[in-house]
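What follows is a single structure, written as structure tokens, with notes after it.
The values are calculated or read from the model by the stated rules, or taken from the named source; none is laboratory data. Bear in mind that the values here come from a model prediction, so they are computed numbers and not experimental data. FYI the Cβ positions are ideal-geometry reconstructions off the backbone, even for glycines, and counts take in every protein chain you see.
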Amino acid sequence: MAAYDFSAPRLYIETPAGTGYEPGLTIELDKSQQNYLCNVLRLSQGKTVLVFNGRDGEWRAHLVAASRKQMALALDECVRAQTHAGDLHYLFAPLKHARLDYIAQKAVEMGASALRPVLTRRTQGGRVNVERMRANAIEAAEQCGILTLPAIAEAVPLPEVLAAWDPDRTLIFCDEDAPLGDALERLRHLENPAVAVLIGPEGGFDESERALLLAMPGVIRLSLGPRILRADTAGVAALALVQAAAGDWSGKRS
């Protein structure tokens with residue numbers, strides 16, 4: 001039997017501050033949620049929906065009529081206790097449009113606990129829409145059974161990020177000049193689970209940025225092999241390597 005119920009739709013539904021999920025709580029749906037459940041999925045009263053808010057675990061709920069035109073969800077029981085993502089930050093130079101959406105979605109699927117856009121000298125993307133990133137993160141969490149949403153930060157220039165860096169967090173940056181295999185061996189022996197993966201822009205970091213990165217204490221240079229990867233592909237590859245060597249794919253972290 002599958003460990004997870006993929007048959008029921010899932011929704012992220014926030015509750016007001018100070019209000020947690022509990023049996024019998026009724027939560028009104030907003031227009032987009034009601035349209036999705038009632039018009040797209042064509043669910044009727046009594047049908048089961050799984051809901052989560054990032055704090056109280058996953059709950060089984062059922063559709064009820066709040067009024068003649070308004071539907072709501074009544075919470076029944078908690079079916080999965082709250083879990084938390086590993087302490088894995090994903091830093092990236094913003095890309096344009098759909099590729100930025102892809103980055104947000106895949107980073108959440110890969111277990112990132114924070115998404116931090118960083119502006120580099122060769123960044124080509126424009127202004128980062130944080131609300132759009134959050135919407136993509138929610139969609140990925142809903143579809144993949146994830147219970148915790150990542151923290152999402154505004155875009156900040158790379159030198160500012162490095163100047164305020166927490167020395168207890170290992171910084172891993174993708175560097176085509178790094179020796180193959182060396183980074184993975186170092187990752188396997190990390191004691192502190194707090195790590196961050198940094199992906200540069202399509203044109204790579206310039207020399208002044210590489211100098212700043214290489215001067216960081218404990219920095220790990222990660223090679224992604226002999227091929228040149230697009231930045232969004234590189235992000236998925238790097239997160240997979242880090243999770244396999246030191247994260248929740250490795251058996252070292254829960």
Check your understanding: Considering only region 92-127, how many residues are surrounded by fewer than 19 Cβ atoms within 10 Å (Cβ to Cβ) and among the aliphatic types (A, V, I, L, M)?
Key -> 3
Check your understanding: Just one of 234, 196 is out of contact with any helix residue (DSSP H, G or I) (no Cβ under 9 Å at 6 or more places or on another chain), assigned by TED's automatic domain parsing to the domain that holds residue 103 and at pLDDT below 95; which is it?
Key -> 234
**Study point:** Residues within region 63-95 that are over 18 Å from the mean Cα position of the chain (by Cα) and either at positive phi or not in a strand (DSSP E or B) (or both), tallied
**Key:** 6
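Please indicate, with yes or no, whether at least one residue in region 27-45 is under 30 Å from residue 166 (Cβ atoms), surrounded by fewer than 19 Cβ atoms within 10 Å (Cβ to Cβ) and not assigned by TED's automatic domain parsing to the domain that holds residue 121. If you could, list the steps in order and put the result at the bottom.
Residues of region 27-45 that are under 30 Å from residue 166 (Cβ atoms), as a first pass: none.
Within region 27-45 (the criterion being under 30 Å from residue 166 (Cβ atoms), surrounded by fewer than 19 Cβ atoms within 10 Å (Cβ to Cβ) and not assigned by TED's automatic domain parsing to the domain that holds residue 121), the answer is no, since none of the residues qualifies.
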Revision key, fill the gap. Residue 130 meets each of (1) at pLDDT 95 or above; (2) of a type in the set (A, V, I, L, M, F, W, C); (3) under 25 Å from residue 34 (Cα atoms) with one exception, condition (1)
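One residue is enough: does region 82-91 have a residue meeting the conditions farther than 17 Å from residue 137 by Cα, out of contact with any Gly (no Cβ under 6 Å at 6 or more places or on another chain) and surrounded by 12 or more Cβ atoms within 10 Å (Cβ to Cβ)?
The initial filter retains those residues of region 82-91 that are farther than 17 Å from residue 137 by Cα, namely 82.
Filter once more, keeping what is out of contact with any Gly (no Cβ under 6 Å at 6 or more places or on another chain): none.
No; the residues of region 82-91 include none that is farther than 17 Å from residue 137 by Cα, out of contact with any Gly (no Cβ under 6 Å at 6 or more places or on another chain) and surrounded by 12 or more Cβ atoms within 10 Å (Cβ to Cβ).
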Revision key, fill the gap. Condition set of a type in the set (Asp, Glu) and in a loop (DSSP other than H, G, I, E, B), scope region 17-62, selection nearest to residue 144 (Cα to Cα): answer is 56
Check your understanding: List pairs: first in region 78-94 and within 30 Å of residue 24 (Cβ to Cβ), second among the polar types (S, T, N, Q) and surrounded by fewer than 22 Cβ atoms within 10 Å (Cβ to Cβ), Cβ under 6 Å, 6+ apart or cross-chain?
Key -> 84/148; 85/113; 85/148
Practice item. Select, from 163, 183, the only residue that is surrounded by 13 or more Cβ atoms within 10 Å (Cβ to Cβ), of a type in the set (Gly, Ala, Ser) and out of contact with any Cys (no Cβ under 8 Å at 6 or more places or on another chain). Key: 183
